[in-house]
Amino acid sequence: MLNRPIRSIHDFLLSTYFADGLRITLGVLCPSLIMAQYGHIEYGMTLSLGALCASVVDTPGPILHRRNAMLVTTGLITLTFIIVGLTNSNVYFTGVLLVLFSFIFSMFFLYGLRAASIGTAVLLIMVLSIDDIRPWREVLFSSALIFIGSIWYTLLSYFFYRIRPYRIVQQTLSDSIHEVSLFLRAKAKFYHQNIDYDDNYADLLQLQVLVHEKQDAVREILFKTREIVRESTPEGRFLLLVFVDMVDLFEQVMSTYYNYKQLHEQFDSTGILKHYESVIIKIADELDDIAFSLKTGGIPSLPTSLIEDVETLRNEITQLERNNTDGKYNTLGIIALKNIEVNIENILSRVKTINSYFNKKEKKNLKPREIEVEKFVTRQSIDPELFYDNITFSSSTFRHSLRVAIVMLIGFIVAKSLGFSHSYWILLTILVISKPGFSLTKKRNYERIIGTVIGAFIGMGILVYINDKNTLFIILLFCMIGAYSFQRKNYVVSVLFMTPYILVLFDFLGMGSLSIARERIYDTLIGSGIALMASYSLFPYWEREKLKEAMLDTLKANMNYFEQVVLLYTDDTHNLTNYKVARKEVYVTTANLASLFQRMFSEPKSKQVLMAELHQFTALNHHLSSYIATLSLYKKEHAFIVEDFETLKPVIQNTDYLLNMAVENLQANNGITSNVPLIRRNISDPAENQNDEVMVAEQIDLIQKVAYDIFKLSEKIKI
């Protein structure tokens with residue numbers, strides 16, 4: 001394996017982030033460079049502005065959605081530019097227009113993130129042209145240039161896609177596999193001595209959110225791209241198979257949850273847990289190799305040393321069991337070690353299978369799988385009724401849109417009062433910082449300020465010490481690529497590149513001076529302050545408002561998941577699609593709840609409610625889904641046979657009852673506690689009975705116990 005820092009740099013250069021940065025830089029810079037050669041840099045800048053607005057909506061996704069979004073954006077920004085250009089001589093009418101447009105286009109959040117980015121692009125063109133007063137003929141001519149610039153970028157983006165239509169899928173799938181490897185590394189930390197279990201568990205939940213986001217992005221592209229859905233090419237079949245197997249592999253990783261504290265108390269002295277950690281990390285390394293091979297077109301290889309390590313681990317457990325004649329080690333602990341080792345073997349087997357797909361000869365012979373893709377993707381229809389239905393203060397999007405409209409007006413008034421030469425920077429800052437929730441606005445606020453201040457000092461240093469135009473152009477190019485490459489990956493770094501890029505650009509246009517840098521800092525601080533104060537005091541949205549909904553969604557998803565897994569044992573003709581959809585919903589709702597929990601930490605203490613209970617609820621639901629995943633793997637991977645499944649029905653029914661009671665408590669807690677008993681089963685010594693039926697029964701007992709804990713916790717929660 002390459003040195004890890006070198007690998008990280010190489011991996012970034014092959015990522016969608018860097019590809020986006022190069023494409024946007026080329027699309028924005030080329031018109032200005034070409035027109036500058038003919039002495040019309042001002043026309044080139046207008047063309048570049050159109051290209052920049054089109055790039056705002058060109059985020060990863062199905063090419064059909066990207067193309068349609070860019071075409072819609074082209075029409076809207078052209079029309080907006082004409083309306084603003086013909087009316088901006090009247091400051092009062094401009095203020096009314098700013099409020100109206102800010103509200104309408106902020107409501108686009110209702111139709112998904114891509115629609116929201118269309119609204120952002122329209123507001124961007126409005127803000128940048130709000131002070132640009134010119135005759136009506138020039139307005140129409142410039143609007144034509146805006147239109148051409150946007151169409152130019154749309155064609156450029158489509159051209160790059162057609163050259164390598166599978167590239168974005170490879171990159172996005174690679175990123176999702178890398179996140180799974182990070183999740184696996186976090187799992188490995190539980191086997192490290194003196195680990196802080198709570199902190200590592202918090203990291204694990206955060207990584208689970210990222211895994212879900214990446215897998216959802218892959219699912220969006222894979223299942224909405226016709227060529228891949230039809231599996232008409234070997235490459236399409238290959239990518240689909242890798243993704244499907246990676247989702248199954250992640251389920252196997254999720255299924256391993258044990259009482260790690262007890263394992264350490266029993267087995268730290270033997271040193272065997274260090275070997276578990278080492279093997280798991282090596283498997284994570286192999287996943288990174290698979291992810292890297294997807295981007296480079298290489299073929300990953302599984303080292304024989306890893307297979308030998310797993311064999312050694314198996315022998316160590318056998319030896320530990322033989323030497324346990326004095327009962328020093330708890331039998332259940334040794335069984336847990338065995339189960340973990342078996343799960344590691346299963347994960348390794350899945351890695352081997354994925355590796356085999358990369359063989360060029362085998363790739364041509366890959367057989368397609370029947371996947372009901374419509375059940376795994378969500379489609380957002382552009383329904384006007386949704387807009388009208390959300391014109392109410394109970395809608396968080398309505399409140400956000402109203403807040404943005406008012407704050408943009410305040411920013412406009414402040415900008416006009418101060419009389420800065422680039423006062424639109426205040427409005428730009430408000431536009432990019434304002435988010436529906438306080439926590440997201442606060443986070444973006446800090447990132448914007450830090451990036452701007454540091455970037456401004458770097459930009460001033462560049463302008464003071466470098467005078468050579470060729471060198472400045474190289475710096476400009478480098479900063480452009482950096483700004484556009486990191487805008488989705490790390491906003492602080494993006495702004496840090498963006499500020500020197502703007503300062504050097506102004507210098508090229510003959511408007512550069514150190515006062516520009518100071519003004520940008522002032523405008524950023526003013527805009528940030530206005531946006532942050534408004535998010536706290538003006539129709540605020542707090543995460544607790546969706547707390548009950550998120551908890552219920554997670555609980556219901558786990559209930560459905562459990563139901564589908566039970567059907568694996570009772571229905572031989574059970575449709576696996578329903579099971580996989582249920583599994584996906586568990587990942588989605590768990591990630592949403594964990595993300596909400598993290599955002600609540602950024603809110604004022606007075607707005608944080610039930611933090612201890614929410615943490616416990618999140619942890620219990622994670623345990624529940626892990627235990628259910630283990631139960632499903634007993635059937636799917638090991639084909640466990642349960643002759644008399646009817647004897648387990650009472651426990652299963654009681655588990656369902658407990659979870660339903662928990663749902664009722666969350667919906668309307670009447671403060672009355674009830675005594676719902678656990679159904680106990682007589683299980684003989686686990687060391688003597690580790691057949692299929694006993695292991696399934698024990699797993700169902702575990703699920704019932706967690707369901708009981710969730711039920712008792714729900715009695716304490718009042719939302």
>> Suppose only helical runs count, i.e. DSSP H with n ≥ 4. What mean residue ellipticity at 222 nm does that imply for the chain under -39500 (n - 2.57) per run, divided by all residues and rounded to the nearest 500 deg cm²/dmol?
In response: -25500 deg cm²/dmol
>> Which aspartates and glutamates, if any, have their Cα less than 13 Å from the Cα of residue 712, not counting same-chain residues under 8 positions apart?
In response: 613, 664
> How many nm is it between the label spots at residue 285 and residue 92, if each spot is 7 Å from the Cα in line with the beta carbon?
Replying inline: 7.3 nm
>> Suppose R0 equals 35 Å. What FRET efficiency, 1/(1 + (r/R0)^6) with r the Cβ-Cβ distance, do residue 269 and residue 616 give to the nearest 0.05?
In response: 0.65
> Based on the Cβ-Cβ distance from residue 331 to residue 389, what FRET efficiency comes out when R0 is 56 Å, to the nearest 0.05?
Replying inline: 0.40
> What nm distance separates the two modelled labels at residue 546 and residue 314, each placed 7 Å from Cα along Cα→Cβ?
Replying inline: 4.6 nm
>> As I understand it, the value is the acute angle between the Cα axis of helix 113-129 and the longest principal axis of the Cα atoms of the chain; what does it come to in degrees, rounded to 10?
In response: 20 degrees
>> What do you get for the angle between helix 136-163 and the principal long axis of the chain? Use alpha-carbon atoms, 0 to 90 degrees, nearest ten.
In response: 30 degrees
> Arranged by the count of other C-beta atoms within 10 angstrom, fewest first, what order do 201, 388, 536 take?
Replying inline: 388, 536, 201
>> Would the stretch 406-519 count as rounded, prolate or oblate if I go by the C-alpha gyration tensor, calling it rounded below 1.5 in a/c and otherwise prolate when a/b exceeds b/c, oblate otherwise?
In response: oblate
>> Charges on Cβ only, +1 for Lys and Arg, -1 for Asp and Glu, centred on the Cα centroid of the stretch 544-714; of 631, 660, 678, which one is farthest towards the dipole's positive end?
In response: 660
>> Quick check on the exposure proxy: order 507, 383, 523, 268 from fewest to most C-beta atoms within 10 angstrom.
In response: 383, 268, 507, 523
> Given a Förster distance of 60 angstrom, what is the FRET efficiency for residue 196 paired with residue 418, based on the Cβ-Cβ distance and rounded to 0.05?
Replying inline: 0.75
>> What is the distance in Å between the Cα centroid of the stretch 515-564 and that of the stretch 382-414?
In response: 15 Å
>> Can you classify the stretch 170-368 as rounded, prolate or oblate using the Cα gyration tensor, where a ≥ b ≥ c are the square roots of its eigenvalues, rounded means a/c under 1.5, and otherwise it's prolate if a/b beats b/c and oblate if not?
In response: prolate
> Once you put a point 7 Å from the Cα of residue 71 and another 7 Å from the Cα of residue 508, both along the Cβ direction, what distance in nm separates them?
Replying inline: 3.2 nm
>> From zero outward in steps of 20 Å, how is the percent of C-alpha pairs of the chain spread across the bins?
In response: 15, 45, 31, 9, 0
> Among 193, 243, 63, whose Cα lies farthest out toward the positive end of the dipole of the chain, if unit charges sit on the beta carbon of Lys, Arg (+1) and Asp, Glu (-1)?
Replying inline: 63
>> From Cα pairs below 8 angstrom and at least 6 apart in sequence, can you work out the relative contact order of the stretch 544-714, rounded to a whole percent?
In response: 31 percent
>> If neighbour count is taken as other Cβ atoms inside 10 Å, put 80, 318, 331 in order from fewest to most.
In response: 318, 331, 80
>> What is the angle, in °, between the Cα long axis of helix 304-322 and the longest principal axis of the Cα atoms in the chain? Nearest 10 is fine, range 0 to 90.
In response: 40 degrees
> According to the square roots a ≥ b ≥ c of the eigenvalues of the Cα gyration tensor, what is the shape class of the stretch 118-192, taking rounded for a/c under 1.5, prolate for a/b larger than b/c otherwise, and oblate for the remainder?
Replying inline: oblate
>> Going Cα to Cα from residue 328, which aspartates and glutamates come in below 20 Å? Please leave out same-chain ones fewer than 8 positions away.
In response: 265, 268, 316, 685, 688
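No lab work stands behind these numbers, since they all come straight from the coordinates. For clarity, every value in this text was computed on a predicted model and none was experimentally measured. Cβ atoms come from the backbone with ideal geometry, glycine included; neighbour counts cover every protein chain shown.
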